[in-house]
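Structure first, then comments.
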Amino acid sequence: MTRSVRVLLFATAREAVGAASVDWEVPASGSTVRALLAGLVEEHPQLEPILKGSRLACNGVYVRGRRARIGPGDEIAIHPPYSGG
Amino acid sequence: MGKGGSNIDRPKEEGPTMSKVQVKVPTPLRSFTGGTSIAEAEGSTVGEVLRALVTEYHALEKHLFGAGGQLRNFVTVYLNDEDVRYLRRDATPVRSGDVLSIVPSIAGGSPAEAVRGAGRPVPLVGLAEGDEELGPPLTRDQMRRYSRHLLLPEVGVRGQRKLRASKVLLVGAGGLGAPAALYLAGAGVGEIGLVDFDRVEVSNLQRQVLYGTHDIGRPKLEAARDRLNDLNPDVVVRIHEQHLTSENALDILRPYDVILDGTDNFPTRYLVNDATVLLGKPNVYGSIYRFEGQASVFDARRGPCYRCLYPEPPPPGLVPSCAEGGVLGVLPGLVGTIQATETVKLLLGIGESLIGRLVLFDALALRFRELRLRKNPDCVICGTHPTQTGLIDYPAFCGVAAEDTTPAGAKPPQMTPEALAARLAAEDPPMVIDVRNPSEWEIAHLPGATLIPLPDLPQRVTELARARELVLYCHTGRRSAQGAQLLVELGFTHVSNLAGGIEAWAQKVDPTMPRY
Ligand SMILES: [Zn+2]
């Protein structure tokens, strides 16, 4: 049984972490987006400035705040802005 | 409700507390609230507040609640700035002073759910339906040229005449604009406007398929006009050889039916977005980064805008700018043709547009993902109570302007290429540090230099002797200025930055050095 949240990383977030996705363990009772991000930043400090301007999606839907609850099996995506043309 | 309020964090009180909450009503639903945009209702949970609301405004009930009394799933409710589906849905507790926002989600861009301009159907593009608007019948030549379109019932003769009567503006004639312009001209869009001010460079040809080797050095728009006229002489090509600014953007965009955003910088993206919101036009968006791309259609009359997605541009320097990052040449081809596809669909009024959806493409995984976007009721330009009524010029992120954001006073000194060449030939030469990426180092580097990519610099400062003179360089001098600044902040005193980077070195000192 899965105990983790899959974090999908795009663009500059992908480079900061050096992977396209990471599996992040969360308590079976769930956690919040904010707590997850804090944990990620602790492990990858270079993510911090990128997260500020990024949009997050939970299971394919954009989430606006960071209080959203997440639990095992959820998928969180971090989408930093980019402007190449 | 019953169990709400029992285990939540609020002052000790007996039982659930009734809170007075403001409810923001979106424009399409205001006809059911007697025009009220902000209503007040009481309850202890989101569900109770909404039920209290429909008790007062009966007509709202069937729009918010299904037959079984549950919240309809196409109604999105935010408590302050949180989507209640990620809190406790109906059971989410509320406090006095909270603000609930009701957001009708956009189902395939149905005009009935328009947020601005409710009540009237919003025309998809500027084109009206009358035959006289479509111009003269197609000529025999046009029948043959567009025969593969005419054979599609979704296009047909009438659709082809619509395309011929349409006007599309492409902002940026680079990686995204180039393929889009070619396909739109081929499709017979009557008028294509182009905004750009660059000249064709040899490094453009890896991805900007509008240009050829013989165009190198020519203004892009001149070369583009020749190519598009050759592809389809029916098309009128209008060139706007200028920077888009807050002064000229509305006037440049106004005559066009659809705007295609293929620019390469944030300030222009925000200008294009804000101008299309203010003018009520669709903004067909595309953006690329290395191996990844995004595309959507922003139309604030029927869905979110770019600011609903990213409210503000990121601070300068956070995202690698235009010239610094590499990009897979075929990537803008994919994203630019998605933009052209969406543009043609909008002009024809067919299919399901990307309004309210963001397509994400990853070339390395060869995977498309899709995200649903919602209008942000608090969006400063397209929200329920917009506070931004004009255009904003953000500082340029590419080139020199970004350098000036480093605090004055603590700026490390610049060294010219000629001065560095002299220092390297003299006794006790400085240590030269290349802060570029290894892939750039492979193209060319300065003799005797040490490679420490900028992201690694903080961890590798221990390799540097504080007493030694250090000279940092990168491609054009921008990243190395950041690196030098960092070293100064860490207490290094003999640090300078090679002015103009290795590009200037190649021009001034070593003309045999490969440039990129
Ligand atoms: Zn918006």
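The values are calculated or read from the model by the stated rules, or taken from the named source; none is laboratory data. Note that the coordinates shown come from a computational prediction; the quantities given were computed from them, not determined experimentally. FYI the Cβ positions are ideal-geometry reconstructions off the backbone, even for glycines, and counts take in every protein chain you see. The protein model used for the area step is the full one, side chains on, heavy atoms only, and it has no ligands, DNA or RNA in it. Shrake-Rupley method; radii C 1.70, N 1.55, O 1.52, S 1.80 Å.
For this structure, a couple of remarks:
- B:Val25 vs. criteria under 20 Å from B:Asn80 (Cβ atoms), buried (at least 18 other Cβ atoms within 10 Å of the Cβ) and at pLDDT 90 or above: no
- Filter result (more than 16 Å from the ligand (Cβ to nearest atom) and touching a strand residue (DSSP E or B) at 6+ places or on another chain (Cβ under 8 Å)) within the stretch B:258-283: B:Val258, B:Leu260, B:Gly262, B:Thr263, B:Asp264, B:Thr268
- Of the residues making up the stretch B:74-104, those that are assigned to a loop (DSSP other than H, G, I, E, B) and within 12 Å of another protein chain (Cβ to nearest Cβ) are B:Asn80, B:Asp81, B:Leu87, B:Arg88, B:Thr92.
- In the stretch A:62-82, residue nearest to the other protein chains (Cβ to nearest Cβ) [restricted to those that are of a type in the set (A, V, I, L, M) and in contact with a helix residue (DSSP H, G or I) (Cβ under 8 Å, 6 or more places away or on another chain)]: A:Ala68
- Among residues of the stretch B:334-358 being aliphatic (A, V, I, L, M) and within 15 Å of the ligand (Cβ to nearest atom), the one that is farthest from B:Cys305 (Cα to Cα) is B:Leu358.
- Residue check for B:Ser496: assigned to a strand (DSSP E or B), within 17 Å of B:Pro413 (Cα to Cα) and open to solvent by less than 50 Å² (accessible area, probe 1.4 Å): yes
- Pick from the stretch B:176-195, criterion part of a strand (DSSP E or B) and either not assigned by TED's automatic domain parsing to the domain that holds B:Gly159 or not hydrophobic (A, V, I, L, M, F, W, C) (or both), ranking: surrounded by the most Cβ atoms within 10 Å (Cβ to Cβ): B:Gly193
- Residues within the stretch B:23-38 that are in a loop (DSSP other than H, G, I, E, B) and either within 24 Å of B:Pro304 (Cα to Cα) or under 33 Å from the mean Cα position of the chain (by Cα) (or both), tallied: 6
- Of all residues in the stretch B:359-375, those that are touching a Leu at 6+ places or on another chain (Cβ under 9 Å), within 16 Å of the ligand (Cβ to nearest atom) and touching a residue at least 40 places away in the same chain (Cβ under 8 Å) total 2.
- Odd one out for B:Asp230, checked against (1) of a type outside the set (Lys, Arg); (2) touching a Cys at 6+ places or on another chain (Cβ under 6 Å); (3) farther than 23 Å from B:Gly356 by Cα: (2)
- Conditions (1) within 16 Å of the ligand (Cβ to nearest atom); (2) closer than 19 Å to B:Leu260 by Cα; (3) in contact (Cβ under 8 Å) with a residue 40 or more places away in the chain: number failed by B:Leu331: (1)
- Near pairs, Cβ below 8 angstrom, 6+ apart or cross-chain, from the stretch A:20-48 (away from chain B (no Cβ under 14 Å)) to any residue that is among the basic types (Lys, Arg): A:Val22/A:Arg6; A:Asp23/A:Arg6; A:Trp24/A:Arg6; A:Glu25/A:Arg3; A:Val26/A:Arg3; A:Ala28/A:Arg3; A:Leu37/A:Arg66
- Options B:Gln294, B:Gln339: the member that is within 9 Å of another protein chain (Cβ to nearest Cβ), open to solvent by less than 10 Å² (accessible area, probe 1.4 Å) and among the polar types (S, T, N, Q): B:Gln294
Residues are listed down the side, and each one gets a yes or a no for (1) part of a helix (DSSP H, G or I); (2) in contact (Cβ under 8 Å) with a residue 40 or more places away in the chain; (3) of a type outside the set (Lys, Arg):
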| site | (1), (2), (3) |
| --- | --- |
| B:Val21 | no, yes, yes |
| B:Glu40 | no, no, yes |
| B:Gly47 | yes, yes, yes |
| B:Val54 | yes, no, yes |
| B:Ala59 | yes, no, yes |
| B:Lys62 | yes, no, no |
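- Filtered residues of the stretch B:376-390 (kept if over 17 Å from B:Arg301 (Cβ atoms) and more than 10 Å from the ligand (Cβ to nearest atom)): B:Thr387, B:Gly390
- Residues within the stretch A:54-80 that are open to solvent by 30 Å² or more (accessible area, probe 1.4 Å), in a loop (DSSP other than H, G, I, E, B) and in contact (Cβ under 8 Å) with a residue 12 or more places away in the chain, tallied: 6
- For the stretch B:196-226, a residue qualifies if it is in a loop (DSSP other than H, G, I, E, B), open to solvent by 70 Å² or more (accessible area, probe 1.4 Å), over 26 Å from B:Asn248 (Cα atoms) and out of contact with any helix residue (DSSP H, G or I) (no Cβ under 6 Å at 6 or more places or on another chain), and the qualifying residues are B:Glu201, B:Gln206.
- Flag for B:Tyr310 being within 9 Å of the chain's Cα centre (by Cα), more than 9 Å from chain A (Cβ to nearest Cβ) and within 20 Å of A:Ser54 (Cβ to Cβ): no
- Scanning the stretch A:29-53 for residues that are among the β-branched types (Val, Ile, Thr) and over 17 Å from A:Ile70 (Cβ atoms) returns a single hit, A:Ile50.
- Qualifying positions in the stretch B:80-96 - in contact with a strand residue (DSSP E or B) (Cβ under 7 Å, 6 or more places away or on another chain), of a type outside the set (S, T, N, Q) and open to solvent by 10 Å² or more (accessible area, probe 1.4 Å): B:Tyr86, B:Leu87, B:Asp90, B:Ala91, B:Pro93, B:Arg95
- Flag for B:Ser246 being within 19 Å of B:Thr387 (Cα to Cα), more than 16 Å from the ligand (Cβ to nearest atom) and either open to solvent by 10 Å² or more (accessible area, probe 1.4 Å) or not hydroxyl-bearing (Ser, Thr, Tyr) (or both): yes
- Test: residue in the stretch B:469-488 that is among the basic types (Lys, Arg), out of contact with any Leu (no Cβ under 8 Å at 6 or more places or on another chain) and surrounded by fewer than 18 Cβ atoms within 10 Å (Cβ to Cβ): no
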